[in-house]
Structures are given as structure tokens and as C-alpha cells.
Protein chains: 2
Amino acid sequence: MGTEPGSRNSSPFRLGVLISGSGTNLGSIIDKLHRGPQGIEVAVVISDRPQAYGLKRARKAGIPAVVISPQDFAGRGEHDLAIAAELERRGVELVVLAGYMRVVTPALLERFPKRVINLHPALLPAFPGGSGIEDSLAYGVRITGVTVHFVDEGTDTGPIILQEAVDIAYNDTVESLAARIHEVEHRLLPQAIELITAGRVSFDKDNPRRVLVE
Amino acid sequence: MGTEPGSRNSSPFRLGVLISGSGTNLGSIIDKLHRGPQGIEVAVVISDRPQAYGLKRARKAGIPAVVISPQDFAGRGEHDLAIAAELERRGVELVVLAGYMRVVTPALLERFPKRVINLHPALLPAFPGGSGIEDSLAYGVRITGVTVHFVDEGTDTGPIILQEAVDIAYNDTVESLAARIHEVEHRLLPQAIELITAGRVSFDKDNPRRVLVE
């Protein structure tokens, strides 16, 4: 990935986390990774919404928490440029979308090439978009899951890092399925971050869509 | 499903199996179900290709094997009507597409409503069409699988009966992945047939896309 893995003996690997809401996935990153033995530090949490509870989680953990609100900017590109500037100012090496409900534009992606990852509550490419859990139940699949992937300019189309399957039960509701999906998310996202920061994630030379994990 | 389950004490439940090639899935149906304790009989095997090896498998097992070739008919509808007539003549209650490489038209589906099932080498709705294994590898998913579903007028869009996940390894080739997928197919298709013939498969009243298995 072009960056040395962090360790206790060098400066920590710096994450930036983007959120829009309660920040339960941010919570799992803080609990499992922040200033732990893996040499990872959440350098900044950015929310597009001032009322996002995740901002409180960040501050409680002593992490700088910043609101960058889209209505303060002329367009999506300008908003993303401001986010990118804040991430750069904090020395962020990897950007994690953790329940961030906005589409990320090239303005941000070009500043962090192959350095933005996202979590999706379905086995992509099935059920992309904002309602993966609802859509998978309505379709009637027997198996769904969780995907962590690099973000590209499409909607949930980027190269896949990790996936884990979740069985759907006949009596599942959106709530019961979401609970099991979130459990997997809280494990899979920190795992993907740890693999990347440890330098164990690379791209297949013959097919850059295929991500290799050592 | 509106049909009484077969048993040794009543007349057997009659399957029709459509094939195009070697018929390894037909082989698993014959081995696991044909004239076994489940009260199921393969009443006829129909191939669209005269050279399909599956025809020999059928004849070896004493099952009538028939070639109905598309070039003998003016169009796809006429071809499917001839297949439907043969299936009806043999008293078939459930039609199984087992490596049948043609799209089934309403001409056949209307004669066997919710009575045609298909096997697909991916976790639908991901990777529909004729190259599910190749497409899933090229996309770079970490998890694929096998789907058994009822056939509707779309391509691999019908209600899903069973799915099973298959992990993709970093060093998988089309051949190595196909071998593991086929293993699952040979288990999942007979299992779905057995569930249907036992009357254990129904549709959710609120959402007919959701298939319930007791």
C-alpha cells in the first residue's frame, strides 16, 4: 500500500473517520484499534451533521471531532475539498467511511487514492445503495452479509477487501437482520483497517479489482 | 405446493430434468433421489443437444431420455411447447433445469406455473447469466455460492429456494472455484427437490418473492 505499517516504535498510523449518525462502527474502531497495540490512532472524526452522536463518542475518547456541513459549501465537490483539507491537516493516511451517508466525489478520492474504504451491509455487488438490508429481505435472498471495500467513483462498486456471509432466517425482520449484520460490521471493519495498516493488503497485478490479503 | 408429497405407499413424485451437457447435476439427482426412499422418480430427461452425455446417464439408470432439438422448430416458443408436451405426457410434476443452457419461455412456464426450478453458480442476484463463476472471480468478490430458485420470465430472477455460500480463495482459478461450486450444487439441488416434493416449500403471502421452507 506504499505506507509502512505503524508500530509502537514508530509514529502511529493515522485514520480519519467520516460519520453521519450514531457512530457505532466508529465505536468499534475506537474500542479495538485506537491507541492499541496495533499502532493505530484515530486522528480525526468528521461528520456532515452537527447532531451526529458519533461526535460525542470521539470527544469522549479524546479524538478531535469536526463538523463540516454541506450547506456551508456551493456544491459536493467544494464540500469534499474542505473535508480533504481537514484530513490532510491531521496527517490522515487512511479514510474510513463508517455510516457516512453521502456519496464521496473525486475531489476527495483524488487526494486519497486507494485510501478511502467503506462498509456496506450486503454482499456487494448485490444490493448496493442506501437500503441494503431492506432490499435483501424484500428480494428474498437466503444469504446476505457485510462488505468492506475501497471506494471508487461508483456507488458501492469499488474493489472488495473483506466479505462475511450472514444467513437470513425465515422470520427475520429488518431489525433482527440489522442486528446480526451490525455485529459482523463491528468485527469486519476494524479487521480490514488492521490489515491495511499492517501493509497486508495489495492489488492483483493482472486484475486491480481483485484485492489480495496476505 | 398443491401436490401431495410422494411416498413408497403412493405413486412416486415425477420429475422432468432438462439438460444440455454432461449432466453431473442430473447424476446427483439420480444417485440421491431416483427411486429412493423419498418416493421420487425421474420420469424423463430431455436434452436440447443430441450429444449431451447426460442422455447416457439417464438411459443407464433406466430413465427415458429424449432429444428435442431447437432447430426442428420455428422458434423458441414452439420448441418450449414441444418440451412441455413431452413433460405432460410423462406426468411430470416438477421441472428441473440442471445445466440446461437455454432461456425458458412463457410457453413452458405457463404450463408448469411455479413448477420449474433452476440451479445457478453464484449468490443471486449477484452474477446472473451464463458465466457466474467467471464473473464472480473477475469482480473480485470474497464470497460467492450456489442458488436454487424458481424460474420466472427473467434471467435468473425468480424466487430463491436455497442458497449456500462458498468462500473464494486468493489463488482460486475458474477451475478450482468451479470444482467447489459444483460440489455444493450436487448437494443443494437434490435437497431443494426433496423439500418441494415433501410439500415443505411455500410462498410468503405478503411477499411472493420470499420462499418459505418448513
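The values are calculated or read from the model by the stated rules, or taken from the named source; none is laboratory data. From a predicted model like this one, the values you see are computed outputs, not experimental measurements. No Cβ is skipped: glycine too gets one built from the backbone with ideal geometry, and neighbour counts run over all protein chains shown.
Structure summary
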quantity: B:Ile160 vs. criteria more than 9 Å from every other protein chain (Cβ to nearest Cβ) and touching a Phe, Trp or Tyr at 6+ places or on another chain (Cβ under 9 Å); calculated: no
quantity: Any hit, region A:118-131, residues being over 16 Å from the mean Cα position of the chain (by Cα) and more than 10 Å from chain B (Cβ to nearest Cβ); calculated: yes
quantity: Scope region B:162-214; condition polar (S, T, N, Q), surrounded by 17 or more Cβ atoms within 10 Å (Cβ to Cβ) and in contact (Cβ under 8 Å) with a residue 60 or more places away in the chain; matching residues; calculated: B:Thr197
quantity: One residue from A:Gly75, A:Gly54, A:Gly62, A:Gly39 being in contact (Cβ under 8 Å) with a residue 40 or more places away in the chain and surrounded by fewer than 21 Cβ atoms within 10 Å (Cβ to Cβ); calculated: A:Gly39
quantity: Residue satisfying condition, being over 21 Å from B:Gly145 (Cβ atoms), within 15 Å of the chain's Cα centre (by Cα) and modelled with pLDDT of 95 or more, within set A:Arg115, A:Arg187, A:Arg111; calculated: A:Arg115
quantity: Residue match in region A:88-95 (condition: closer than 25 Å to A:Val146 by Cβ and in a loop (DSSP other than H, G, I, E, B)); calculated: yes
